[in-house]
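Read the figures in this text as sums done on the coordinates, not as results from a lab. On a predicted model such as this, the values are computed, not experimentally measured, just so you know. Positions of Cβ are backbone-derived with ideal geometry, glycine not excepted, and every protein chain shown enters the neighbour counts.
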Protein chains: 2
Amino acid sequence: MYRGNFDIEDYLESREALRHLTVVEDGAGLKLTLRRYAEDDVQLALRLVELEDGIRLESLSAAEGINRFWLRVAAQDEERVWGCGEQMSYFDLRGRHFPLWTSEPGVGRDKSTYVTWQSDVVNRAGGDYYHTNYPQPTFVSSRRYFCDVETTHYADFDFRSADFHELQVWGIPSTVVLRSAPTFIQLVENIGAHFGRQPKLPEWVYNGVILGLKRGQAHAEAKLAEALANNMAVSALWCEDWAGVRETSFGTRLFWDWRWQAERYPSLDKMIDELRHQGVQFLGYVNPYLCVDGHFFPEAQAQGYLATDGQGQTAVVDFGEFDCGVVDFTNPAACTWFKDVIIKRQMLDLGLSGWMADFGEYLPIDVTLSNGVCAKQEHNRWPVRWAQVNAEAIAEAGLTDKATFFMRAGYSGVQAHCPLLWAGDQSVDFTRHDGLATVICAALSSGLMGNAFHHSDIGGYTSIFGNTRDAELFMRWTDMAAFTPVMRTHESNRPTENVQWFDDAEVAAHLARMSRVYVRLAPYLKSLVAEGSERSLPVQRPLFLHFEDDAACYAIQDQYLYGPDLLVAPVHEAGRSDWSAYLPEGVEWVHLWSGERYPGGQRVTVAAPYGEPPVFYRAESTWEPLFIEVADQD
Amino acid sequence: MYRGNFDIEDYLESREALRHLTVVEDGAGLKLTLRRYAEDDVQLALRLVELEDGIRLESLSAAEGINRFWLRVAAQDEERVWGCGEQMSYFDLRGRHFPLWTSEPGVGRDKSTYVTWQSDVVNRAGGDYYHTNYPQPTFVSSRRYFCDVETTHYADFDFRSADFHELQVWGIPSTVVLRSAPTFIQLVENIGAHFGRQPKLPEWVYNGVILGLKRGQAHAEAKLAEALANNMAVSALWCEDWAGVRETSFGTRLFWDWRWQAERYPSLDKMIDELRHQGVQFLGYVNPYLCVDGHFFPEAQAQGYLATDGQGQTAVVDFGEFDCGVVDFTNPAACTWFKDVIIKRQMLDLGLSGWMADFGEYLPIDVTLSNGVCAKQEHNRWPVRWAQVNAEAIAEAGLTDKATFFMRAGYSGVQAHCPLLWAGDQSVDFTRHDGLATVICAALSSGLMGNAFHHSDIGGYTSIFGNTRDAELFMRWTDMAAFTPVMRTHESNRPTENVQWFDDAEVAAHLARMSRVYVRLAPYLKSLVAEGSERSLPVQRPLFLHFEDDAACYAIQDQYLYGPDLLVAPVHEAGRSDWSAYLPEGVEWVHLWSGERYPGGQRVTVAAPYGEPPVFYRAESTWEPLFIEVADQD
């Protein structure tokens, strides 16, 4: 690992087919005993349990020394597969393999770009198409089944073969489940039931855009005033720097010691009160590390709440000119402490209505944890533990319907704890593998895994090696964000070098306009959020979810259905004044802004000025009056 | 394959240890029968034959479906290994694995450089540390044995493990030989005997530098006159463009139709005669392809001498805006035709004294060959077939002691046919993985494989993506080349953008001076060439070849012994005025230019102006009078 980026290599000693199978009914199911040949010792014992809608393979025992597992699932030529967590580059996974290991997603993620090359050379951080903060060993097949492998070991799902999907796991998974459903809608509901559902988003979310500001209290207050003067609908201020900052040679970084820092926010408590009176929430930032020069590190260390190095010393991780301890969430006492002392006392008691729960994908694999499990095996589970700590703290404070948090990291089971995903740190550009459009792929793939609510940094985040965002990117991203569950801006990693809405009147006016579009659409969005919370149907849906019979829908990953009645095709190229979108067949579609009607089953081109992202609604929608109101210029 | 660069991927279905061994004496040796388990069918039968100095494993039979082979050779912690053909990046192979597949060697060969990145992005040609025109599944161990795997299948030798070397072959090798010797000198002699030896270089080589010129007859004659006026010792003109050129969007390329082209060389026959009277030879260029718009393609096609596409059509290969047929050297009649009609009639009869026999590493793997062997299996053998055609043509013309040729491609057995290696197409720079110093590594590694004679393009060849050579690089390369078996300049791929000796008076004078150094040293070089030809001792030798007991010698890959009595440490960085070299212990060394004496067993720093490359001789050398004469300024 180098700052969240991993080099993973394997040396394959032997790989042997377990060709000799014995089957015995054992009451609980069929007991499968696998050997390499008839006279061999038992290598693997499994139980096959029949479910109403599929099967479950349970592992019973494995011979000593078996540390790799390959399973083939029969495939068909035309089959498509989706999922594997939150994928940024490819929605349809067929034809590629996907290593499943939570990590930094890469900067650039495309070896042919300058940013990727420089990120690799300078920071070992360029990444590739499969890198993601949120991998998951679960896929959905176009044959209307899902397959989940229950494991936290490193895995690699290979969808390159014509006849089979090959699932590789660096350990024996506890179970493998295959379950089918008659429709994709039903399948996604079942996936949601399998992994857990999210609560509804708090009501304040619908009040407008969350403004990301990170230059102290005065700046935050001033920018809010500017926003309101611009007639911007603002739901919250999100101030990452509420706990302070530190200067490094890389620029200003946050101070990783999770409590109000008065130097930067002299009267934060009063500010939060006043904001609330204006109907504006205050959001903060937290991550699972504690800097060694902070207030909480000594306390956590003294209590034994930090991961150790195996020699009994506290493990410290270098995050770039500062070192941190790793809170050991395998220790229940450490979880309780983090929930009580940090989240409840420092954050919720202060009046925070939410936060970015950052990281989760960085558990170093060489630390020693209190539960005695190897960190390699805990690594993928870490985002889930981290989500759980946050969710439980909020629940224990009785604030689940009032406060929220958003995470980029995930793994199987994060669905039950993380109320809102954010797509991570896109580059501030339109690039194929790290730009605006990757956010759509991320929403669609994570949505099929039962994560109903997704959003992203408006304008992207990562600005490096001369790549900076311009007004066009910010406005196109804003256009899209108005049709996602949550609108939230980010100043980027280099605020002064990148366009901010408050530095550009046109951008500010545009953001204000789209914040009002978002607010006007809220009744419809609320209905989708209810569906998401109750049935796990993602707010942003692949076209085929509602149009199973339209073959043309299956290959599309840069459009989405926003609930059943809206279709969104965000502009994701520079310099465009129009845009083409595919409209699924069988229904009539109405262009939101012009009211023009189009029969489905064709690709149409519409004008796409800033502020009018290509959005269409079903002609027969009962929401039509609202959609007409939404489109009304103001 | 894309223009000589290959993407090679494997899908490993199963890899099983053959743990069950039966041994039977069968007269010819020990017959080894290998099974996975006692009741298994025989998977592999081998014969183990004891040799005077080692063992030979012969494969007798393999079960159907076995198409991969792994063999482990016991290793020790401190062991070093060398060889695997002509390696450009690493002389000591330990700690890395080496795919063995003849191909383009890559441009840049270092993912951190701009040239490599752009070569990858634009041309899929950046390459990596192991890419080479001349791989060979043979290694030499510091435990004083060599191991040769007789196969032409793709192989990958892995020297990363502490306890074993793992030799992977994509097929069953016919034999595996391990042979030891009491000294490294003896070991290299035995390797030479195993693979074949080279004839002595023709006497004219010692007359001076071979001037690479490729702008037609008038230019060649004019530049020779300039060279002679500069008091340059010239042995030959090497005019690649003797058969004509074609213009492409990439620049001027050669016309791949192997006969004198009068447009570019109006009176080449007379010119060659006149040159010979001046003691200057004329060299040309040939490769194993025939362009479809040339004179010879229709003839070769009509006779069935070209590889086909499996549907009976002639396979044509795109070389960048022109297509070529592939002469099928598995067809004896095609070899005879190429030797008689092209090499003897067009080249030797015209009076050529040698040529670059280019390519050999490009056999496309999707062509059909007349011998019925899969092109994947012929691919690695192709350089050897190509060398053999050239060598036999010269031998059949009775000119082995008069004419020569030089190749960059190679494979096991090329030693018996190729009289002179050239190090391929270095970048015109000092970079670690594609610049000047890689030529030393190439000479050392190929030398241990029994290739006694090596040289390189003075100044490098590949100029691309803004990388151009300057006078310093050309002069440093010249300094080194004077202490190699053959001095030869190259105009590079972009002659007008790169420094040429004839465009810069200082460079011309310097080349002239070093050509005279080379000539004065010729008596010593001839003795080394004789040793090379008779005993396969390479002219350029790793330090440990003569200093087995000096542990410090083993890690050095940027110096060489030039025969037993000279040590050469070429300057391979820009901006240097001095240079440090390690002098092996146990003898006293004399700095060639200053006469200063140094005890061995230390690293010394000497002044290193242009024209005085760091060279030292053994104080007790019987050649001392010659060395003193060589160093005399003139």
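Counting only whole DSSP H helices of chain A, there are none at least 27 Å long by C-alpha along their axis and with mean Kyte-Doolittle hydropathy no lower than 0.0. Each principal axis of the Cα cloud of chain B was taken in turn, and the coordinate range along them, longest first, works out to 81, 66, 48 Å. Name the long-range amide H neighbours of B:Trp355: under 5 Å, sequence gap of 5 or more, or other chain; modelled H, no Pro or chain starts. Amide H to amide H, under 5 Å and 5 or more residues apart or across chains, B:Trp355 pairs with B:Gly284, B:Thr404, B:Phe405, B:Phe406. Rounded to the nearest 20, the Cβ-based charge dipole of the protein assembly as shown about its Cα centre (Lys and Arg +1, Asp and Glu -1) stands at 180 debye. Annotation: amide H-H contacts under 5 Å for B:Arg143 (H modelled 1.01 Å from N, sequence separation of 5 or more, or interchain): B:Arg80. Scattering from segment A:1-58 was approximated by placing one identical point on each alpha carbon and applying the Debye formula without solvent; log10 I(q)/I(0) at 0.20, 0.21 1/Å stands at -0.78, -0.82.
In segment A:490-601, what is the volume of the convex hull around the alpha carbon atoms, normalised per residue and reported in Å³? If you can, show how the numbers build up before the last one.
On the way: hull volume 17.4 nm³, N = 112.
Expressed per residue, the convex hull around the Cα atoms of segment A:490-601 is 155 Å³.
Here segment B:394-436 and segment B:481-544 have alpha carbon centers that stand 14 Å from each other.
Using the Stokes-Einstein relation with a Kirkwood hydrodynamic radius computed over Cα pairs, the translational diffusion coefficient of segment B:20-180 at 25 °C and a viscosity of 0.890 mPa s comes to 142 µm²/s.
The radius of gyration of the Cα set in segment A:540-631, together with its Dmax, comes out at 12.2, 35 angstrom.
Given B:Lys344/B:Lys376; A:Lys270/A:Lys344; A:Lys31/A:Lys376; B:Lys223/B:Lys402; A:Lys402/A:Lys526, which pairs have Cα atoms separated by over 20 Å? Provide the component values of the computation, followed by the final result.
On the way: B:Lys344/B:Lys376 30 Å; A:Lys270/A:Lys344 18 Å; A:Lys31/A:Lys376 30 Å; B:Lys223/B:Lys402 24 Å; A:Lys402/A:Lys526 15 Å.
Going by Cα-Cα distance, B:Lys344/B:Lys376; A:Lys31/A:Lys376; B:Lys223/B:Lys402 fall outside the 20 Å limit.
The radius of gyration of the Cα set in segment B:304-415, together with its Dmax, comes out at 14.2, 44 angstrom.
Pull out a ≥ b ≥ c, the square roots of the eigenvalues of the alpha-carbon gyration tensor of segment A:150-199, then state rounded if a/c is under 1.5, prolate if not and a/b is larger than b/c, and oblate in the remaining case.
Details: a/c = 2.59, a/b = 1.37, b/c = 1.89.
Oblate is the answer for segment A:150-199, as a/c is 1.5 or above yet b/c matches or exceeds a/b.
For segment B:155-193 versus segment B:68-97, the spacing of their alpha-carbon centroids is 9 Å. What's the Cα-based Rg to Rh of segment A:274-335, Rh via Kirkwood? Across segment A:274-335, the Cα-based Rg/Rh ratio is 1.17. Relative to its Kirkwood radius, the Cα radius of gyration of segment B:230-306 gives an Rg/Rh of 1.07. Relative to its Kirkwood radius, the Cα radius of gyration of segment B:341-385 gives an Rg/Rh of 1.12.
Could you state, as a whole-number percent, how many of the C-alpha pairs of the protein assembly as shown are farther apart than 42 Å? All intermediate terms of the calculation are to be shown ahead of the outcome.
Working: 443765 of 803278 pairs.
So the portion of pairs separated by more than 42 Å is 55 percent.
Convex hull volume per residue, computed on the Cα atoms of segment B:398-489, equals 103 Å³. Backbone geometry of segment B:209-215 corresponds, through the Karplus equation with coefficients 6.51, -1.76 and 1.60 at θ = phi - 60°, to 3J(HN,Hα) couplings of 7, 8, 8, x, 9, 8, 10 Hz, x marking Gly and Pro. Under 5 Å between amide hydrogens, built in the peptide plane, is the criterion, and for A:Gln602 it picks out A:Leu583 among residues at least 5 positions away or on other chains.
Look at the stretch B:8-18: the mean tally of other chain Cβ atoms within 10 Å of its residues' Cβ atoms is 3. For segment A:101-254, the Kirkwood radius over C-alpha pairs fed into Stokes-Einstein at 4 °C and 1.567 mPa s yields D = 64 µm² per second. Using the Cβ-Cβ distance between B:Arg276 and B:Glu9 with R0 = 60 Å, the FRET efficiency computed as 1/(1 + (r/R0)^6) comes to roughly 0.70. For segment B:362-419, the Cα gyration tensor yields ellipsoid semi-axes of 25, 12, 8 Å (square root of five times each eigenvalue, largest first, whole Å). Starting from one equal scatterer on each C-alpha and no solvent at all, send me the Debye-based log10 I(q)/I(0) for segment B:1-97 at q = 0.18, 0.22 Å⁻¹, two decimals. These q points yield log10 I(q)/I(0) values of -1.09, -1.18. Sorted from nearest, the other copies put their B:Glu299 label points 9.2 nm away, the label point being 7 Å from Cα in the direction of Cβ.
Once you put a point 7 Å from the Cα of A:Ala218 and another 7 Å from the Cα of A:Tyr2, both along the Cβ direction, what distance in nm separates them? My value for the distance between the label points is 4.1 nm. Please compute the modelled spin-label separation between A:Asp349 and A:Thr175, points set 7 Å along Cα→Cβ, answer in nm with one decimal. In this crude label model, A:Thr175 to A:Asp349 measures out at 4.1 nm.
Quote the FRET efficiency, to the nearest 0.05, computed for B:Ile628 versus A:Thr468 with a Förster distance R0 of 60 Å and r equal to the Cβ-Cβ distance.
On the way: r = 65 Å, r/R0 = 1.08.
FRET efficiency, B:Ile628 to A:Thr468: 0.40.
Give the calculated FRET efficiency between A:Asp163 and A:Gln311 to the nearest 0.05, with a Förster radius of 45 Å applied to their Cβ-Cβ distance. In this case the efficiency is close to 0.35.
The residues neighbouring A:Ser577, those whose beta-carbon lies less than 14 Å from its own, together hold a net charge of -3 under the Lys/Arg +1, Asp/Glu -1 convention.
For segment A:473-526, the orientation-averaged shadow of the C-alpha convex hull comes to 3.6 nm² (one quarter of the hull surface). Across the identical copies, the 7 Å label point of B:Thr622, projected outward along Cα→Cβ, sits 10.8 nm from its counterparts, in ascending order. Modelled spin-label separation between B:Ile365 and B:Glu50, with each label point placed 7 Å from Cα along the Cα-to-Cβ direction: 4.1 nm.
Label-to-label distances for A:Lys270 across copies, nearest first, come out at 10.4 nm, using points 7 Å from Cα in the beta-carbon direction.
Coordinate range of the alpha-carbon atoms in segment A:175-239 per principal axis, descending: 54, 26, 15 Å. For the peptide B:112-124, the mean number of other protein chain Cβ atoms found within 10 angstrom of a residue's Cβ is 3. The protection proxy used here, the mean number of other Cβ atoms lying within 10 Å of each residue, ranks peptides B:284-292, B:344-352, A:66-74 as follows, highest first: B:284-292, B:344-352, A:66-74.
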